[in-house]
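Have a look at the structure below, then the notes.
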Amino acid sequence: MPAAKKPGNAKPKKFNGEVYYPAEDVLARANLRDWEKTARRADKDFVGFWEQEATQLEWFKPWKKTLDDGKAPFYKWFVGGKLNIVHNCIERHLETPRKNKLALIWESEDGKQDRSFSFHALNREVSRMASIIHALGVKKGDRVTIYMGRIPEIIFAMLACAKIGAVHSVVFGGFSVPALRGRVQDSESKLVITCDGGYQNGKLIELKRITDEAVAQCPGVENVLVVRRTGHAVPFQPGRDHWYHEMLESPVAKDRFPTQPMDAEDPLFILYTSGSTGRPKAILHTHGGYMVGTYTTLKYVFDIKDEDRYWCAADPGWITGHSYIVYGPLLNGATSFLYEGGPTFPNPGRWWQLIERYGITILYTAPTAVRGLMRFGEDWPEQYDLSSLRLLGSVGEPINPEAWRWYYRVIGKGKTPIMDTWWQTETGMFMITPTPVVPLKPGSGTRPFFGQRAEILDETGKPVKDGDEGYLVLTRPWPSMLRTIYGDAELYKRQYWSKYPGKYMTGDSARRDEDGYYWIIGRVDDVINVSGHRLGTAEIESALITHPAVAESAAIGLPHEVKGQAVHCFVLLKPEHSASEQLAEELRQHVATVIGGIARPEEVAFVDKLPKTRSGKIMRRVLKARAQGLPEGDLSTLED
Ligand code: WTA
């Protein structure tokens, strides 16, 4: 596309490096044309910016104070306001012509089924699910664990919880028994919603059996609600287990059900994510701020219009799915597409076929998927008509410029800007991101979103020079920020706000270039980013140690062509065990069984010794350098 490198922007500003300026037609149709002006205005008065956005949504009672920072870092937003996010996702649209517009389109992995729901129909489905979980004793404030595949009911379940004021905790359907059990126990869920099974690459995933095993040790779980997806035989425990389709036929199911008014600061959901210490942490988000943050960011960044067909190809079980499959699109009244399967089954043309079939206009996915599909060459996408696409998105890890260019050229045909959105489970919304009118540089998320400020600091808290690497921190509160770690407010303070008091520590390192563009380098803590999924080294090491042969272990992330990073483990065996390829395979499988398939190590190496500091901490940095043949750096703290 010839317009790509030519400055088509009204702004005369020249940017350095490989730059893709927005084409005239992109500028002409953008909801928000003047990025610089909006950014200046929001920077001057970020509270005012968010306040103005919040007034575009419906509140049962207006808030008294937009931002309360009196007890920082326990920030509060829209204090005193009453609302329910579901009212804004669904009911708000029923009074408008959007009532009969499609909210959700779904296709099964085998391509034999599709289902679609207007906003009107979605309201009915969510009301029915809400009335059913209410009948099962779920009340405002109760936690509900959702462990399902990618089918419409996972969305109904999340919205049904929010509608009645319950707190959902979605556990990704790829997690194993112990991972699910730990999350159900930690959240003290009363109800688990699951499916009989799910499909993944043609294989049946035994969601119900996994749930049974996990829940067997969760005495707090009173009921299990089971959605029938596969129809294969599964064990059923009368009294505790309930078929969703049977309850739909019963008198408790109601097509209309009241939406609970919530305080802006009432919890909406918790979502577990890995950090540098120990077990996964339950990140807590609230009704008011999270709603305003996801609504606003999706509107500006993906430039949502009523005629769009938007597809975020993540899983609802991750934050990307929460914010940008479920809440953000519905808040904007968008038509969203949900696909049950993955990108390469039954063949690597599947996604491109879906784009043609449904006329997808916006595709939002992860670099690992782009790299994975790129391997199969251009012939696959070329068999399909991808001309409906007008915007592309990337999330989860830095996108390599090579993958960026392929995505832009082969999928976007050189006419679709790529929104590289940097954010986290904790931030709830895009934090460093372009909008379609911003000049792009492959591999950079460009600049902070309206009203945000980011700094790059050295160890002592001083800003580094442009071009130098440092710790990425955020210096202003934002509405959809996490409020705490559920059940551990101290850890919340320590983990995010203690290194540089008053500043939010992201856990990432980054550099900023001379144009003020941010380039994320990666995690600086003990988190491994596998295909955009966060795994703590501590979780993997704790999993290994539960195997009878393992005395001690260390896990690190090493570069991987498709996954971005892959897990590599070093294992010290107990004296009576000896190393073998068979044991290595057994340990790889063991980690997958304890955590889930995404954590399966690429390699397990047996060692006699692990490099440690004199205080006994494993120096993963040294293992990493050794494995890559890089200089080992400062070894002064090594024990010998
Ligand atoms: C990484 C996912 C570079 C980063 C939304 C962050 C990214 C972690 C990008 C959060 C991006 C996410 N460019 N790195 N566009 N997006 N990351 O909580 O290291 O699963 O800290 O949230 O993913 O992962 P999480």
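The values are calculated or read from the model by the stated rules, or taken from the named source; none is laboratory data. The shown structure was predicted, so the numbers you read here are calculated from the model rather than taken from an experiment. Glycine also receives a Cβ, built like all others from the backbone with ideal geometry; neighbour counts cover every protein chain displayed.
Taken together, the criteria exclude residue 522 from residues that are modelled with pLDDT under 95, touching a helix residue (DSSP H, G or I) at 6+ places or on another chain (Cβ under 6 Å) and within 11 Å of the ligand (Cβ to nearest atom). In this structure, residue 377 does satisfy being away from the ligand (no atom under 16 Å from the Cβ), among the small types (Gly, Ala, Ser) and on the phi > 0 side of the Ramachandran plot. Set side by side, the residues 540, 545 differ, and just one is β-branched (Val, Ile, Thr), under 21 Å from residue 182 (Cα atoms), more than 14 Å from the ligand (Cβ to nearest atom) and free of Cβ contacts under 8 Å to residues at least 12 places away in the same chain, which is 545.
Any idea how many residues of the stretch 418-440 are part of a loop (DSSP other than H, G, I, E, B), in contact with a strand residue (DSSP E or B) (Cβ under 7 Å, 6 or more places away or on another chain) and near the ligand (Cβ under 10 Å from one of its atoms)?
Going residue by residue through the stretch 418-440, those that are part of a loop (DSSP other than H, G, I, E, B) are 421, 423-431, 433-439.
Now drop any that are not in contact with a strand residue (DSSP E or B) (Cβ under 7 Å, 6 or more places away or on another chain), which leaves 421, 424-426, 428, 431, 433-434, 436, 438-439.
Now drop any that are not near the ligand (Cβ under 10 Å from one of its atoms), which leaves 421, 424-426, 428, 431, 433.
Looking only at that region, the number is 7.
Check the stretch 333-343 and report whether any residue there is among the acidic types (Asp, Glu) and touching a Leu at 6+ places or on another chain (Cβ under 8 Å).
no
Within the stretch 259-280, residues that are farther than 11 Å from residue 169 by Cα and more than 15 Å from the ligand (Cβ to nearest atom) reach partners that are aromatic (Phe, Trp, Tyr) and assigned to a loop (DSSP other than H, G, I, E, B) with beta carbons closer than 7 Å, at six or more positions or on different chains, in the pairs 261/60; 264/63. Counting only residues that are within 20 Å of the chain's Cα centre (by Cα) and either more than 30 Å from residue 85 (Cα to Cα) or of a type in the set (Asp, Glu) (or both), the stretch 447-484 holds 1 of them.
Just one of the numbered conditions (1) assigned to a loop (DSSP other than H, G, I, E, B); (2) of a type outside the set (Ser, Thr, Tyr); (3) within 14 Å of the ligand (Cβ to nearest atom); (4) out of contact with any Pro (no Cβ under 6 Å at 6 or more places or on another chain) is not true of residue 443: (4).
Scanning the stretch 389-417 for residues that are within 12 Å of the ligand (Cβ to nearest atom) and either aromatic (Phe, Trp, Tyr) or under 14 Å from the mean Cα position of the chain (by Cα) (or both) yields 393, 394, 395, 396, 397, 404.
For the stretch 50-131, give me every one of the strands (runs of 3 or more DSSP E) that falls completely inside it and has 2 or more residues that are surrounded by fewer than 22 Cβ atoms within 10 Å (Cβ to Cβ). Show your work before the answer.
Numbers: elements: 65-68, 76-79, 102-107, 114-118.
Result: 65-68, 102-107, 114-118.
Looking at the structure I just gave you, is residue 316 in a loop (DSSP other than H, G, I, E, B), buried (at least 23 other Cβ atoms within 10 Å of the Cβ) and touching a strand residue (DSSP E or B) at 6+ places or on another chain (Cβ under 8 Å)? When the stated conditions are applied, residue 316 passes them.
Residues to consider are 513, 468, 458; find the one that is within 16 Å of the ligand (Cβ to nearest atom), charged (D, E, K, R), touching a residue at least 12 places away in the same chain (Cβ under 8 Å) and touching a strand residue (DSSP E or B) at 6+ places or on another chain (Cβ under 8 Å). Within the list 513, 468, 458, the selection yields 513.
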